[in-house]
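Structure first, commentary second.
Nothing in this text is a laboratory measurement; each read-out follows from the coordinates by a stated rule. Quick caveat: nothing in here was measured; it's all calculated off a predicted structure. Every residue, glycine as well, gets a Cβ built from its backbone with ideal geometry; the counts of neighbours run over all protein chains shown.
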Amino acid sequence: MSVRVRLAPSPTGNLHIGTARTALFNWLFASANKGKFLIRIEDTDKERSKLEYTENILEGLSWLGITWDESPIIQSEYISEHKNAIKKLLDLGLAYRCYATETELELMREEQKNNGLAPKYDNRHRNLSPELENEFKSSGRESVIRFRIEDDSIISWDDLIRGSMYWKGSDLGGDMVIARRAPSDEIGDPLYNLVVVLDDNLMRITHVIRGEDHIANTAKQILLYKALKLTIPTFAHTPLILNSEGRKLSKRDGVTSIIDFKEKGYTSEAMANYMTLLGWSVPEGMTEIFNIKNISQYFRLERVNKSGAKFDWDKLNWINSQVIHNLSNDELLQEITPLWNKNNWKAFNKEWALDLIGLIKPSMTLLVDGVDQSRPFFEKPLLNQDGLNQLNQEGAKAVLKVLLTNLEQTQWDGVDINIAKQLLKVSAESASVKKGLLMKTLRVALLGQLNGPDLLTSWGLLARAKQDKERIKTCL
Ligand code: GLU
């Protein structure tokens, strides 16, 4: 039987890191097993579902390099199948209408609380007499539909990540609502646990890989599979992504959606790489820097940890810098050009742009560093206090003046760095100052700061763009 897995996102928000990691594990598992990875958009929450979120989710997955097979299934298109299944469960006596009002249920929960019990539906309308049921109906009470969960049922499965799992029916909160409240001659909107079972069956899903927050749902879903006599898929529950305090990563941690990471300057390759390591470890002897396409053949769910995966910014940054350093100048230029364009920065020419990339690449961690670090090559720098102090050093302006005169006579085009070296040497000697003083002063004049990338290469770039003399002049 060939493997078919799925991601079933609800389009109620942008692609979340947890969903993206679930997608990645499913995709890797499908690739490792030469199976299919499918998508189902769970859009039955009409109020919160938005088309723009579906688009964001699909774009985010594509950005990460995750491709899917077949067209995405749209859950809301199957509502009549879902309702038919509910009808079947009602006919079989495995589901029933519950007329309890919200107020009655609230009272029930309060009483349970006062008696020190966990809140749980007490199955009060499981065996209503026909008389009482008629009374409820004729008084216009609406009803939900509940699926019977026997307290003494035992649910067990062999989880591909967590091993043997065991659940008691009595721990599942009483008979489960499978259709929302509606007039009592109608079937209300079908709810998650039932719908997932039907859709996974329809899509012939063989393995359900999802977050461990769905474990209790899995127990409920297995009961539904059995009731509907459907083939039960294999389950695997992935560990949650935790923040540094060990709590589930949430909005409070600043970034939650993939688009936030993109905007912060993380590359898609680093994100996919890092997220794969959130809970999974590479086989011994293999590097932790990889492309998901190349690693997929080694992906086994057995190597996924059971315990939560702590989100580690330092590690993500390290991976991102490694990915950036491993890009060719051409590839990095492609990533950075859109950021330059946003600032209306035009490279002198392609070769110049590539050389600038080569200069700044080693000190980049994030793609946005490529903006900060290339800024002085596109915009005249503002001098900070340290820069001004440097220019006011004894002999600084004088030697800069000598350099400018020599430079004008030489008409250096910025290409041969040896000429620049020679110019520095000769100018410092004739002004009788140390070469270091001239170099520091020149750096301030050209780049506006005392620290930064290699001076001669930077000077060469500015000279090729015909910016160097002008910058020196404004400092004199
Ligand atoms: N729509 C559900 C979610 O986003 C799907 C869970 C599942 O994979 O069954 O959590």
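Note on the chain: Cα Rg divided by 2.2 N^0.38 Å, N the number of residues, gives 1.41. For segment 354-470, the extents of the C-alpha atoms along the principal axes are 42, 32, 21 Å, listed from largest to smallest. DSSP beta bridges fully contained in the chain are about 60 percent antiparallel. Using the Cβ of residue 36 as centre and a radius below 14 Å, the other residues enclosed give a net charge of +2, where K and R count +1 and D and E count -1.
Our helix-only sum for the chain, with -39,500 (n - 2.57) per DSSP H run of n ≥ 4 divided by its residues, gives a mean residue ellipticity at 222 nm of -14000 deg cm²/dmol. With contacts taken as Cα pairs under 8 Å at a separation of at least 6 residues, segment 171-226 carries a relative contact order of 31 percent. D for segment 301-358, whole µm²/s, Stokes-Einstein with Kirkwood Rh over alpha-carbon pairs at 25 °C and 0.890 mPa s: what number? Estimated diffusion coefficient is 174 µm²/s. Centre-to-centre, using Cα atoms only, segment 201-279 and segment 332-379 are separated by 36 Å.
If you take the beta carbon distance between residue 59 and residue 313 as r and set R0 to 22 Å, what does 1/(1 + (r/R0)^6) give as a FRET efficiency, to the nearest 0.05? For residue 59 and residue 313, the calculated efficiency is 0.35.
Overall shape of segment 60-150 was characterised from the C-alpha gyration tensor. The equivalent ellipsoid obtained from it has semi-axes of 36, 22, 12 Å, in decreasing order. Look at where the Cα atoms of segment 400-476 and of segment 122-186 average out, and the two centres are 81 Å apart. Paramagnetic label reach from residue 123 (point 7 Å along Cα→Cβ; backbone nitrogen cut-off under 15 Å): within segment 163-188, residues 168-177.
Close amide-amide hydrogen proximity is noted between residue 178 and 145, 146, 147, each under 5 Å apart and 5 or more residues distant or on a separate chain (H modeled in the peptide plane; Pro and chain starts excluded). A prolate overall shape is assigned to segment 226-341, the ratio a/c of its alpha-carbon gyration tensor axes (a ≥ b ≥ c) being 1.5 or greater and a/b exceeding b/c. Put simply, the C-alpha atoms of segment 424-476 give a gyration tensor, and the ellipsoid matching it has half-axes of 18, 12, 11 Å, longest first.
Shown here for segment 345-449: GluC sites (Glu not before Pro) in loop regions (DSSP other than H, G, I, E, B) with at most 10 other Cβ atoms within 10 Å, namely 394. How would you classify segment 150-212 from its alpha-carbon gyration tensor, with a ≥ b ≥ c the square roots of the eigenvalues: rounded for a/c under 1.5, else prolate if a/b is greater than b/c, otherwise oblate? Here segment 150-212 falls in the oblate category.
About its Cα centre, the dipole of segment 171-253 is roughly 180 debye, where the only charges are +1 on Lys and Arg Cβ and -1 on Asp and Glu Cβ. Going from the fewest other Cβ atoms within 10 Å to the most, the residues 380, 401 appear in the order 380, 401.
The calculated FRET efficiency for the pair residue 297 and residue 47, based on their C-beta separation and a Förster distance of 41 Å, comes to about 0.45. Between the listed residues 96, 85, 74, the Cα displaced farthest toward the positive end of the dipole of segment 56-114, a dipole computed from Cβ unit charges relative to the Cα centre, is found at 96.
Dividing the mean sequence gap of close Cα pairs (under 8 Å, 6+ apart) by how many residues segment 203-273 holds gives a relative contact order of 28 percent.
In this Cβ point-charge picture (+1 for Lys and Arg, -1 for Asp and Glu), segment 226-369 has a dipole of about 880 debye about its Cα centre. Computed from the mean reciprocal separation of all distinct C-alpha pairs, what Kirkwood hydrodynamic radius does segment 1-112 have, in Å? Every distinct Cα pair counted, the radius reaches 16.7 Å.
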